[in-house]
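The values are calculated or read from the model by the stated rules, or taken from the named source; none is laboratory data. Keep in mind that what you see is a predicted model, and the values were worked out from it rather than measured. Here the Cβ positions follow ideal geometry from the backbone for every residue, glycine too, while neighbour counts run over all protein chains shown.
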Amino acid sequence: MKIGVIGFQGDVEEHINILKILSENGRNIEPLRVRNKDQLREVSAIIIPGGESTTIYKLIKEYGIYEDIVDSVKHGKPLMGTCAGIILASSKTNDTRVEGMGLLDIEIERNAYGRQGESFIDNVDIKDIGNYMAVFIRAPVIKSVNHGEIMAYQAGKPIMVRDGNVIGLTFHPELTDDTRVHEYFIRMIGGEGGTSSGTSEEKVTV
Ligand code: GLN
């Protein structure tokens with residue numbers, strides 16, 4: 001099973017390295033850097049990495065795969081967005097330069113932690129994963145979750161949301177040597193757990 005990492009800018013190699021480690025440890029997966037429609041068709045799941053969301057957005061548009069990503073995820077292809085990736089997956093951003101793909105019905109604010117908290121590490125508790133050291137780098141804040149399940153909080157704010165085949169994180173599992181979030185995503189590709197799309201959950205506003 002091929003897992004595609006949208007490969008224009010940001011933590012592309014870092015995601016690929018984690019997937020390679022899992023593959024060497026016996027998981028039946030192969031990472032692929034994705035930059036065009038053919039590669040997108042080849043993969044069973046998609047990761048949008050952390051990085052600079054305005055740049056990733058611009059390049060996804062320029063290379064003409066924005067609509068293809070949206071369509072394939074709406075048709076059930078699993079997606080994980082980390083940091084800049086969750087900004088792109090969201091339904092509403094506070095920056096006109098990044099049009100959210102509407103794949104996770106959340107509202108998000110870029111660079112919303114003050115200077116002091118721009119980058120930090122914190123121990124968080126993730127549903128179905130457990131205790132986890134999360135790395136935040138100029139992270140966005142999830143302002144509201146209109147649909148889906150909040151899987152983790154940090155300082156009272158949601159930091160990880162799953163809705164059916166889509167998962168978004170405001171932190172960077174690709175920048176640690178803890179592989180559990182990627183393992184969770186691989187289980188998700190296999191159809192495990194989570195809310196099926198269509199179930200409505202409580203709307204949460206932060
Ligand atoms: N600050 C970045 C943005 O808004 C996201 C942070 C990241 O991915 N490290 O695009």
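Here are a few things to note about the model shown:
- Residues that are β-branched (Val, Ile, Thr) and farther than 20 Å from VAL12 by Cα were ranked within the range 70-107; the one that is nearest to the chain's Cα centre (by Cα) is ILE106.
- Annotation note: Cβ proximity below 6 Å between a residue of the range 144-172 that is under 19 Å from ALA84 (Cβ atoms) and a residue that is assigned to a loop (DSSP other than H, G, I, E, B) and among the polar types (S, T, N, Q) (sequence gap 6+ or interchain) occurs for ILE159/THR170.
- Residue match in the range 121-141 (condition: among the hydroxyl-bearing types (Ser, Thr, Tyr) and either within 20 Å of ASP11 (Cα to Cα) or touching a helix residue (DSSP H, G or I) at 6+ places or on another chain (Cβ under 6 Å) (or both)): yes
- Residue in the range 198-205 that is within 16 Å of the ligand (Cβ to nearest atom) and either at pLDDT 95 or above or not small (Gly, Ala, Ser) (or both) present: no
Listed here are the residues, each with its yes/no results for (1) at pLDDT below 95; (2) part of a loop (DSSP other than H, G, I, E, B); (3) farther than 19 Å from ILE3 by Cβ; (4) more than 16 Å from the ligand (Cβ to nearest atom).
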{"site": "GLU67", "(1), (2), (3), (4)": "no, no, yes, yes"}
{"site": "ASP71", "(1), (2), (3), (4)": "no, no, no, yes"}
{"site": "LYS77", "(1), (2), (3), (4)": "no, yes, no, yes"}
{"site": "LYS92", "(1), (2), (3), (4)": "no, no, yes, no"}
{"site": "ASP95", "(1), (2), (3), (4)": "no, yes, yes, no"}
{"site": "ARG115", "(1), (2), (3), (4)": "yes, yes, yes, no"}
{"site": "PHE120", "(1), (2), (3), (4)": "no, no, yes, no"}
{"site": "ASN131", "(1), (2), (3), (4)": "no, no, yes, yes"}
{"site": "ALA134", "(1), (2), (3), (4)": "no, no, yes, no"}
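- Of residues in the range 28-56 being in a loop (DSSP other than H, G, I, E, B), modelled with pLDDT of 95 or more and more than 16 Å from the ligand (Cβ to nearest atom), the one nearest to PRO78 (Cα to Cα): SER44
- Total residues in the range 97-113, condition at positive phi and either within 11 Å of the ligand (Cβ to nearest atom) or crowded, with 16+ Cβ neighbours inside 10 Å (or both): 1
- Checking TYR63 against (1) under 21 Å from ARG187 (Cβ atoms); (2) away from the ligand (no atom under 13 Å from the Cβ), the condition it does not meet: (1)
- On inspection, PRO158 fails the criterion of being closer than 19 Å to ASP11 by Cβ and within 15 Å of the chain's Cα centre (by Cα).
- Checking each residue in the range 136-149 for being in a loop (DSSP other than H, G, I, E, B) and within 14 Å of the ligand (Cβ to nearest atom) picks out ARG138, ALA139, PRO140.
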